[in-house]
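Before any comments, here is the structure.
The values are calculated or read from the model by the stated rules, or taken from the named source; none is laboratory data. Note that the structure is a prediction, hence the values are computed from the model and not measured. In this analysis, Cβ positions are derived from the backbone assuming ideal geometry, glycine residues included, and neighbour counts consider all displayed protein chains.
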Amino acid sequence: MDRKQFLSRSLKVSLGAIVAGPALAGAASCNAPAENNGEANESTPSTPGSTVLQLAQIALPYAYAALEPAIDAQTMEIHYTKHHAAYVKNVNEAIVAEGVQAKDEADLLARVGSFSPKVRNNAGGVWNHNFFWQVMAPGGRGAPEGKVLDALNASFGSFDKFKEAFADASMKRFGSGWAWLVERNGQLAIGSTPNQDCPLMDVSELKGKPLLALDVWEHAYYLKYQNKRNEYVANWWQVVNWDEVAKRMV
């Protein structure tokens, strides 16, 4: 090989090394373990962009004493800060411990039958109470107006007959549970569920879009009414938030 051929070949090798160097470095960077970027690796078992669903307790829309005399302040405070808060804590712990995957709260409830009793009971407790606080308000009218009254009259014959049917569902729920007014297929229906089940659950014996609910667990009324659930139900109508019911009605 003469001097001219040697110089030409050496120049090509040098240029090749300059081009290949950055490409190899880039490939090495792509294959390196990700650090603090949320990607899956041996120390981060989650999938990229995944988040763990956590349920939350809404802020109580009124003061603890606001619903007196129908519901006393002490009951409201214990109910909200102890019972409801415990459901939130328990379900969020269960979601993490059991690796529950759900898009949102609605998806969780719609498939709750595939999860553990702890998830079912506590997820229901969170949703039901968040709903319950909103369908009550101080200074209630006692009776609805407008489209709510029209719908109740059409479905049950009169508002008084609706109250009788709803109270009957409340009283006949054996043990702990809830009474509900729901809308399904354009029709109104009354029913009840045990424990913390709600009509949005796949396992619920009553299904539909919740419009109104009454908690008939003893912790909801026992401090004031003891075993007189009938008095609790009768007085509860004074604090029903019919404006909220109207918002939820199609």
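Listing for the model above:
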item	result
The lone exception for Leu152 - which of (1) surrounded by fewer than 21 Cβ atoms within 10 Å (Cβ to Cβ); (2) among the aliphatic types (A, V, I, L, M); (3) not in a strand (DSSP E or B) it fails	(1)
Top-ranked residue in the range 155-177 [being touching a helix residue (DSSP H, G or I) at 6+ places or on another chain (Cβ under 9 Å) and more than 22 Å from Lys228 (Cα to Cα); ranked as surrounded by the most Cβ atoms within 10 Å (Cβ to Cβ)]	Phe156
Positions within the range 106-146 being at pLDDT 95 or above, among the aliphatic types (A, V, I, L, M) and either over 12 Å from the mean Cα position of the chain (by Cα) or crowded, with 20+ Cβ neighbours inside 10 Å (or both), in sequence order	Leu108, Leu109, Val112, Val119, Ala123, Val126, Val135, Met136, Ala137
Residue check, Val216 within 24 Å of Pro138 (Cβ to Cβ) and either of a type in the set (A, V, I, L, M, F, W, C) or under 21 Å from the mean Cα position of the chain (by Cα) (or both)	yes
Residue within the range 209-219 that is more than 27 Å from Gly146 (Cβ to Cβ), of a type in the set (A, V, I, L, M, F, W, C) and either in contact with a strand residue (DSSP E or B) (Cβ under 8 Å, 6 or more places away or on another chain) or assigned to a helix (DSSP H, G or I) (or both) present	yes
Unique match (being surrounded by 18 or more Cβ atoms within 10 Å (Cβ to Cβ) and modelled with pLDDT of 95 or more) among Val91, Val96	Val91
Residue among Trp180, Trp242, Trp237, Trp217 that is over 24 Å from Ala65 (Cα atoms) and surrounded by 15 or more Cβ atoms within 10 Å (Cβ to Cβ)	Trp180
Sole residue being under 18 Å from Ile58 (Cα atoms) and either touching a helix residue (DSSP H, G or I) at 6+ places or on another chain (Cβ under 7 Å) or not in a loop (DSSP other than H, G, I, E, B) (or both), chosen from Ala94, Ala123	Ala123
Residue tally, condition in a loop (DSSP other than H, G, I, E, B) and under 24 Å from Ala86 (Cβ atoms), over the range 128-142	1
